[in-house]
Amino acid sequence: MTSKLFWKFSFIIALLLWCYASISPLQDIPFNSYIESQATQNLDEFNTLLEEANERVNLGDSPTLFIALRDLGREQGINYAEFFPEINLKDIPNQNKRNSILLKYLLSEAQSNLRLGLDLKGGVGFTLKLDESSNQGISRTEQTEQLKDAIEIMGGRLDGMGVAEPIIRPVGDDAIEIQIAGLSTKDNPEVIDALKKPARLEFKQVHPTLIPETTSEENYPVGYEVLNEVIEDRRSGEVYELSRFVKKIPEATGDIIKTAFASQTQNGGFQINLEMTDEGAKRFRVVTEKLVDKPLAIVLDGKLYSAPIINEALSKNAQISGSFSQREAIDLANVLNNPLSVELVVDEMFEVGPTMAKDTRDSSIKAVQLGGMLVIGFMVFYYFFGGIIAVLSAVINVILVLGILASLGATLTLPGVAALVLTLGMGVDANILILERIREERLLGKSPESSLTNGFNKVISTILDANVTTLITAFILFWLGTGPVKGFGLTMAIGIVASVFCALFVTRTLADLLVNKMKVKQLLGLNLLPRQKIDFFKFRKPAFLLSWIIVLVGISSVVTEKDSILGIDFTGGDEMTIAYAEKVSTDKLLNTENLDSVGEVKLVYQKLIGEDKEILKIQTRFGQSREALSILQNAFPEANFSEVGVNQIGASVSQGIQMNALISVLCALVGILLYVAFRFEIGYGVGAVVATIHDVLMTIGLFVLLGSLDLFVSGQFTAPMLAAILMIV
């Protein structure tokens, strides 16, 4: 093997090892066994603590082992770093903060780096209600607007926290349900705290001379209140409170803030930087001009965070300093960027199962396996050694995509799987283009070495053009899209780059090894399908006519069935809570005879966190939940199903997501048009766009038409169907 080939293979192997390290562990490791395996010192003492923490969980005093250990550390003054000396946290003097960071690190290490979404794995859900005490006297219309604003803000906060593709929807007229993939949220209650905070930021004047410690209560200044600032000594880690008289009426509020972001300070801590709006800068300058050489209190949700001395008049920027960890500073900046107008309270928390039923997941996996085996069989049978190279290249392609997704902390959901399958298909397609070009060169009588070189040289521009147009689409979907649209765009963009790399680098390296070093003469095996001379173009008129007739029939079906084609994901519906005596699997429930007569039905089991109690939630179209319950009661009398309550839920694929998806697709079509026009000519660009629109309309029309005839498909649009349409584009 020459030096050039050696370094190419070394690079490929290094990439694969990096991907393996990024993906592993492939499955979550139970936190109990993982943390026990990681302790290396004072094991007897640690095992005693572990037993005590597990006892708290078993008695219901703590919802999880993580919280039990955290609380034990605070109550008993335990330094967990003593048990894990390999994890260096010496630069964090505060013991409670050090323990929290250590436990979170161990929890994250126990979890698989390749996160699965709610549809594939399940996760944690919780309901946030509008605070009644702060909502007294407002009208129903105002409350509805508050709820609508809160849902939008929750989406922004979760995006800022790196939570991918959560479900956020209204429940009734005063609550929001949020579901997040994975079960780590229950071990991180600060996530929920950050979500429900109003983020009311206020800049207030501090009394210039009086302090509460030296002032009797009857002499407290009028118009001031006592607020305590928590201060941490960076050297000793000691935490103490400093009381101040702070004016009740603020000098300015968070309305003057344009954006907030976290950064590291010179002494190693973290702060939140505030950038003002143009009007806010003017207001802030007026405030700070009159407070030069005096403290200005920065108060968030009634808590005093800092009170820096104003050395000079400020206008554009300010900082909130304090004893923040990096995660705390990022979360606080995220909350400030998405302020709520009303306070929310946690109504309930629960674990949720996968929204995709087990038999559906199993059948999907079998379909992927069968499709993969057929593709592998065809490639090896038709292209022989070339087919083996193409299959290896495709496998490396998948490993690269999964490794990059894991390293980015992305969540893999059903739309992401669709994008992964698409990029895998594009990778195989690129390899077929390469192998056919090589075959053409061999038919011209050229040597294997020359055919290989010329084949790759001639196909590079074709592969790049095909993938650049798709990459434009992916970037626009990621840039403008939200929720499943953004996830689809990210996975597809990564997959496209990986496909091009594998086709032009991995395939070339493997082919060079076989042809140039191992002197394989028959890289492509037998030519089983001799060249055919068929004049397809003479059938263009009847084909064009038939094609658009199908499109028109499909569109008429959409118009006819417009009131019933949108599923619960898009319209919302009823969500009934059901109690039961005997659990029946969701697969059996969904296959109940006559259940499809009520339309789309979703079933999921939920377990309330901190309680040994599980309930069944059934989602149907509006007004159909009781009919569905009746069918289930008749089919499974031994389960003793009984209604607990019914709520109306909003769409999980909100109108905002739908509109963003439409705008993203339209922008993607414009991007394709411009690229093709730039690379070739405007006529080809128009043709590409019209053909894409034709394919989307035909697919949607046939899907609805077949659904109305009860043939093969339901005919109802759900979130996965949105991913399928994006896949076509």
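Taking all protein chains together and a 1.4 Å probe, the residues R200, R437 rank R200, R437 from largest to smallest accessible area.
Placing unit charges on each Cβ (+1 for Lys and Arg, -1 for Asp and Glu) gives the chain a dipole about its Cα centre, and among F537, H694, S363 the Cα reaching farthest toward its positive end belongs to F537.
Only helices enter this figure: runs of n ≥ 4 DSSP H residues, each worth -39500 (n - 2.57), summed and divided by the residues of the chain, yield -17000 deg cm²/dmol at 222 nm to the nearest 500. Here's how it looks for L116: its modeled amide H is under 5 Å from those of L412, which are all 5 or more places away or on a different chain. Estimated at the nearest 10 Å², the accessible area of F536 is 150 Å² with a 1.4 Å probe.
Along the axis of the charge dipole computed for the chain (Cβ charges of +1 for Lys and Arg, -1 for Asp and Glu, origin at the Cα centre), the listed residues F381, T411, S450 are led at the positive end by S450. The 1.4 Å probe gives accessible areas that order L304, L590, largest first, as L590, L304. Summary of packing: across the peptides 626-632, 334-340, the per-residue average of other C-beta atoms within 10 Å ranks them, highest first, as 334-340, 626-632. A full extension of the chain between D293 and S450 corresponds to an added length of 48.6 nm, given 0.36 nm per residue minus the alpha carbon distance. For the chain, the per residue solvent-accessible surface stands at 51 Å², with DNA, RNA and ligands left out and a 1.4 Å probe. Ligands, DNA and RNA left out, the accessible area of the range 76-131 computed with a 1.4 Å probe is 47% carbon and sulfur. In this structure the amide hydrogen of E348, modeled in the peptide plane, comes within under 5 Å of the amide hydrogens of T127, none closer than 5 places in sequence on its chain. A 1.4 Å probe, protein heavy atoms only, puts the accessible area of R439 near 20 Å². The length gained on full extension between S364 and E217, counted as 0.36 nm times the residue separation minus their Cα-Cα distance, comes to 45.9 nm.
Between the helical axis of 484-501 and the longest alpha-carbon principal axis of the chain there is an angle of about 50 degrees. Residue pairs exceeding 26 angstrom between C-alpha atoms, taken from K97/K316; K97/K196; K562/K588; K97/K290; K366/K617; K204/K316: K97/K316; K562/K588; K97/K290; K366/K617. Of the residues D61, D131, the one with the largest accessible area comes first in the ranking D61, D131, computed with a 1.4 Å probe on protein heavy atoms. Could you give the angle, 0 to 90 degrees to the nearest 10, between helix 358-383's Cα long axis and the longest principal axis of the Cα atoms of the chain? With both axes taken from Cα atoms, the answer is about 40 degrees. Based on C-alpha pairs under 8 angstrom that are at least 6 apart in sequence, the chain has a relative contact order of 14 percent.
The charge dipole of the chain, taken about its Cα centre with unit charges on the Cβ atoms of Lys, Arg (+1), Asp and Glu (-1) only, comes to about 4060 debye. E213 exposes around 110 Å² of accessible area when a 1.4 Å probe is run over every protein chain in place. For the chain, the residue among L632, L666, A297 whose Cα projects farthest onto the positive side of the dipole built from Cβ charges is L666. The angle separating the long axis of helix 655-679 from the principal Cα axis of greatest extent in the chain is about 50 degrees. The share of C-alpha pairs in the chain whose separation exceeds 39 Å stands at 49 percent. For the range 1-104, the relative contact order is 22 percent, taking Cα pairs closer than 8 Å that sit 6 or more residues apart in sequence and dividing their mean separation by the residue count. The length gained on full extension between M518 and V729, counted as 0.36 nm times the residue separation minus their Cα-Cα distance, comes to 71.8 nm.
The values are calculated or read from the model by the stated rules, or taken from the named source; none is laboratory data. In this text, all values refer to a predicted model and were calculated from it rather than measured experimentally. Cβ sites come from the backbone with ideal geometry, for glycine too, and all protein chains shown count toward neighbours. Please note that ligands, DNA and RNA were not included when accessible areas were found on the heavy atoms of the full protein model with its side chains. Shrake-Rupley method; radii C 1.70, N 1.55, O 1.52, S 1.80 Å.
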